[in-house]
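All remarks here apply to the structure that follows.
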There are 2 protein chains.
Amino acid sequence: MTITRRIHNFAAGPAVLPVQVLEEIQRDLVSLPGVGMSILEVSHRSAAFEKVLAEAEQSIRTLADVPSNYKVLFLQGGASLQFSMVPMNLLGAGATADYIDCGSWADKAIKEAKKVGAVNVAASTNGENYSRLPRQEELKLTPGAAYVHMTSNNTIEGTEYKTLPAVGDAPLVSDTSSDMFSKPIDVRRHALIYAGAQKNMGPAGVTVVIVREDLVARSQKSLPAMLSYAVHAENGSLYNTPPAFAVYALGLVMTWLIRLGGLPAIAKVNERKAAKLYAEIDRTGFYRGTANNNDRSLMNVTFRLATEDLEKQFVKESTAAGLDGLKGHRSVGGMRASIYNAFPEEGIDELVSFMREFERTHG
Amino acid sequence: MTITRRIHNFAAGPAVLPVQVLEEIQRDLVSLPGVGMSILEVSHRSAAFEKVLAEAEQSIRTLADVPSNYKVLFLQGGASLQFSMVPMNLLGAGATADYIDCGSWADKAIKEAKKVGAVNVAASTNGENYSRLPRQEELKLTPGAAYVHMTSNNTIEGTEYKTLPAVGDAPLVSDTSSDMFSKPIDVRRHALIYAGAQKNMGPAGVTVVIVREDLVARSQKSLPAMLSYAVHAENGSLYNTPPAFAVYALGLVMTWLIRLGGLPAIAKVNERKAAKLYAEIDRTGFYRGTANNNDRSLMNVTFRLATEDLEKQFVKESTAAGLDGLKGHRSVGGMRASIYNAFPEEGIDELVSFMREFERTHG
C-alpha cells in the first residue's frame, strides 16, 4: 500500500483514483458481498448487476441534479467514439452543426463530424496554439444549427470554460471528459454531455452520456444499433453486454464524491489545489504558464521552462522524486500536471516544494 | 473466498473466471508490482501499460499460432459493434457479403450488415429454431463475395461448428465470441476473427479482433476513425484510451491458459466436461437436448424438460442448490448450462448429481 501512495500520479488519464475506492474494489474483487461471485463474472442480466447499474445512474443524477427528461447512458469507445456518434445521431441531412475549435480534442471532433455532415467552425484559437478559449463575441453561430459543440476543458492545452458560451436556442453539446464532476455542472443548459470516465469518474472503459430526450428522438433507425442513442436509451444501457466492471468502479467513485459533499465541495478542493500550483508558476518567472490566465484549467496545469533541456531535466528529476507523469502531451511539449478530483492535495504540496528546489538549483 | 466457490456460475457471459486470475487481480489491484499505482490508474501511454498490452497480444499469438501477417486488435463495443464494423470496413460498394444464418446472433449480424450494404443469406436454419447448423451442401455462396460470415458457436441455441465450412477463396469472417480459445483454432483459414472477451477470455469491456493485413487495407479513410480497422491497426490498439483493465485481466487469463497447456489441453477438459453433461441429458429422456446431436456445443449446453412448470421448478431448485444461471436465454426458454474454460469440472459433477436427484423426485 505504501508503495502506491509514495508515487504521485500526474497523468492526464487514465489517472489517479481515490485510494478508498481502490481498496473497496480490492476487498470485494473475488466475491461481491451477498452475491458469491466476482463483479468480473456476474451476468449483466442479473439482479446484482442491475443494482450496480441503477446505483451508478442514481449517483450521477444526484450529483449533477440531472432532470428527469434526460437519459444517463453508459457506453463504450470513449469520447473518440462520441465524436462520431454525436453527428451521426444529431446532424440530419441539410442541417449544419457549429463547432467551437478550442483545443486539440475539439479539432479531432470536428474532423470526425465533417465525415458525417455539414460543419461550421464557429471560432478557432488554433492559430494561437489553443492557448486561450474563443471569446463570446468571436463566435459565428449558424441560425438554426443542429447543435453547438464545445469542449469544456482542454486536457492538452490546459484551458477550461468558467462559464458556458451563450448559444441561443441551439442545443449545446459538450465534451466534458476532463472536468466532468470536478465542479457543479448545469445540465439544463446542455442538450448532451459526454465524458470518457478515465479522468475524474473512474477507470478507462466506460463513457457517460447525458442526453435530453428530444435529442434521443433524432436517432435514425438506419443507424448501426450500437451507434444509436435511441437504442441504448430504450435498453437502459443494456442493449449488449456493458463494460460491467468499469460501471461498477465508476459507481464507487460517484459514491465517494457524494460522501465528500458532492460537486460544490470537490470544486473548493480543486480550486485550492490549482491555486497553489499556479501561484508557484507565477512566483518568479522561472516557470511560465502556457494558458491565458483567465482560461486556466483547474484540472490540467500546463507550464514551460526556459529551454527544452531544462524541461527534460525537470521531467527526469521529478520522476525520480516520485512525481510521475509530468511530461506534457507529446504534441505540445512542456510540462503538464493533471490534478483531477482524486489527486491528493499533499501531492500538490510536494510538487510545489520540488519546483521551488528545482528553481533554486537550476535557476 | 469460500463463498465464491460455493456458487457455480453457469451464466452465458459475463461468466466464470479462473479463481487464480481473480486472486492475482485482487492482490495487485491497489499497486501493480514495480509500478507503484493501480492498473486502473496507469496511463495508457506508460511503459507499464505498453508491457501489459504487448504481453496480452503475444499470449494470443502464442496460443493460437497467429501468423505474422495478421493483426491482433483490442477494441471496445463487443461483438455487437463488430456486426457493423465488419461490413463498414470490408463490404465495398457493389460487392455482396454472404452470411450463414445459424443462430440469433448471426441474425443480428445480418440485420446490421444490411444497413451497410448488399447481403446474401447463404443458408438459414431459422425455420428450425436454429437447432442445427446449415450443412455444407445447403450453402448458396456468391461468387466473388466480399466475405463469408459465420458464427462459430451459437450461445443461445447451443450449437457449435466442429469443422469450418468450405467457402472457396472468399475471406472467412467468424464471430467466435463464445468458443474463442476453448479449443485449437486455425487462424490461417480465417480472414477475420472477432470475439467479445466476456465468455472464455476475460471480463466484459474488450473485444479481440484478429485480422489479416490485406483486409485491413480495405478500410476507407472516410470511415469514422474509431470504426476503422486500419486506424486501430496503425496505432497498435492505442488510437484512443483502450479499456486498460479489461486488457490486463484478459492477459492474465491467457497466461493461465498457456500454463494449463494451451488450446489442445483445454479442449480435452472441455470435451470431458460437456460429455458428462450430455450423457446425463441423454440417459433416460427425462431431459431433452435441444440442439442437433452432431452440432452440439461444448460451451453452451441447452436442454428442456417436459413442461414449462417443471423447468421453472428446476431453475428454482438448482439456484437454491448454488447452481446459478441455468435459466435459458429469454428468447428461447428452457435451460442452458454455459461451461466455458474456467468453469470447474466439479461444478459439472454437482449439476449432474442435481439433475439425477431432480429426476428422481420429479420424474
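The values are calculated or read from the model by the stated rules, or taken from the named source; none is laboratory data. Treat the numbers as computed from the prediction; the structure is a model and nothing was measured. Heads up, the Cβs are rebuilt from the backbone with ideal geometry, glycines too, and the neighbour counts pull from every protein chain shown.
When A:His8 is tested against (1) surrounded by fewer than 18 Cβ atoms within 10 Å (Cβ to Cβ); (2) modelled with pLDDT under 95, exactly one condition is not met: (1). Among the candidates B:Leu32, B:Leu40, B:Leu17, B:Leu81, the residue that is free of Cβ contacts under 8 Å to residues at least 60 places away in the same chain and either over 17 Å from the mean Cα position of the chain (by Cα) or at the interface with chain A (Cβ under 9 Å from one of its Cβ atoms) (or both) is uniquely B:Leu32. Of the residues making up the stretch B:285-316, those that are part of a helix (DSSP H, G or I) and without any contact (Cβ under 8 Å) to a residue 60 or more places away in the chain are B:Asn293, B:Glu308, B:Asp309, B:Leu310, B:Glu311, B:Lys312, B:Gln313, B:Phe314, B:Val315, B:Lys316. Selection of the stretch B:222-254 for residues being in contact with a strand residue (DSSP E or B) (Cβ under 9 Å, 6 or more places away or on another chain) and of a type in the set (Gly, Ala, Ser) yields B:Ala233, B:Gly236, B:Ser237, B:Ala246.
Just so you know, in the stretch B:273-299 the residues that are under 19 Å from B:Ser104 (Cα atoms) and among the hydroxyl-bearing types (Ser, Thr, Tyr) include one that is surrounded by the most Cβ atoms within 10 Å (Cβ to Cβ), and it is B:Ser297. Scanning the stretch A:304-345 for residues that are within 14 Å of chain B (Cβ to nearest Cβ), of a type in the set (D, E, K, R) and under 30 Å from A:Ala265 (Cβ atoms) gives A:Asp324, A:Arg336. Of the residues making up the stretch B:199-219, those that are in contact with a helix residue (DSSP H, G or I) (Cβ under 8 Å, 6 or more places away or on another chain), within 11 Å of chain A (Cβ to nearest Cβ) and not β-branched (Val, Ile, Thr) are B:Gly202, B:Pro203, B:Ala204, B:Gly205. Any residue in the stretch A:160-172 that is within 14 Å of another protein chain (Cβ to nearest Cβ) and either of a type outside the set (A, V, I, L, M, F, W, C) or in contact (Cβ under 8 Å) with a residue 12 or more places away in the chain (or both)? Checked the stretch A:160-172: no residue is within 14 Å of another protein chain (Cβ to nearest Cβ) and either of a type outside the set (A, V, I, L, M, F, W, C) or in contact (Cβ under 8 Å) with a residue 12 or more places away in the chain (or both). Scanning the stretch B:84-110 for residues that are in a helix (DSSP H, G or I), of a type in the set (Gly, Ala, Ser) and more than 13 Å from chain A (Cβ to nearest Cβ) turns up just one, B:Ala106.
Restricting the stretch A:220-262 to residues that are in a loop (DSSP other than H, G, I, E, B) and away from every other protein chain (no Cβ under 13 Å), the residue that is farthest from A:Phe83 (Cα to Cα) is A:Gly261. Can you find even one residue in the stretch A:28-42 that is out of contact with any helix residue (DSSP H, G or I) (no Cβ under 6 Å at 6 or more places or on another chain), polar (S, T, N, Q) and either assigned by TED's automatic domain parsing to the domain that holds A:Met335 or not in a helix (DSSP H, G or I) (or both)? Checked against the condition, which is being out of contact with any helix residue (DSSP H, G or I) (no Cβ under 6 Å at 6 or more places or on another chain), polar (S, T, N, Q) and either assigned by TED's automatic domain parsing to the domain that holds A:Met335 or not in a helix (DSSP H, G or I) (or both), the stretch A:28-42 yields no hits at all. Say whether the condition of being small (Gly, Ala, Ser), out of contact with any helix residue (DSSP H, G or I) (no Cβ under 8 Å at 6 or more places or on another chain) and assigned to a helix (DSSP H, G or I) is met by at least one residue in the stretch A:170-179. The answer is no, given that none of the residues of the stretch A:170-179 is small (Gly, Ala, Ser), out of contact with any helix residue (DSSP H, G or I) (no Cβ under 8 Å at 6 or more places or on another chain) and assigned to a helix (DSSP H, G or I). I'd like the residue in the stretch B:300-324 that is closer than 19 Å to B:Gly103 by Cβ and in contact with a helix residue (DSSP H, G or I) (Cβ under 6 Å, 6 or more places away or on another chain) and, out of all such residues, is surrounded by the fewest Cβ atoms within 10 Å (Cβ to Cβ). By that ranking, first place goes to B:Phe303.
Any residue that is in the same structural domain as B:Ala191 (by TED's automatic domain parsing), free of Cβ contacts under 8 Å to residues at least 12 places away in the same chain, of a type in the set (A, V, I, L, M) and farther than 17 Å from B:Gly196 by Cα - is there at least one of those in the stretch B:55-77? No: zero hits. Summed over the stretch B:11-27, residues that are part of a loop (DSSP other than H, G, I, E, B) and buried (at least 21 other Cβ atoms within 10 Å of the Cβ) total 7.
Can you find a residue that is among the aromatic types (Phe, Trp, Tyr) and more than 28 Å from A:Val66 (Cβ to Cβ) anywhere in the stretch A:251-258?
no
One line per residue, one yes/no per condition, for (1) of a type in the set (Ser, Thr, Tyr); (2) over 21 Å from B:Ser38 (Cα atoms):
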site	(1), (2)
A:Lys316	no, yes
A:Thr319	yes, no
A:Leu326	no, no
A:Tyr340	yes, no
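In this structure, A:Val231 qualifies as closer than 29 Å to A:Gly92 by Cα, in contact (Cβ under 8 Å) with a residue 12 or more places away in the chain and among the β-branched types (Val, Ile, Thr).
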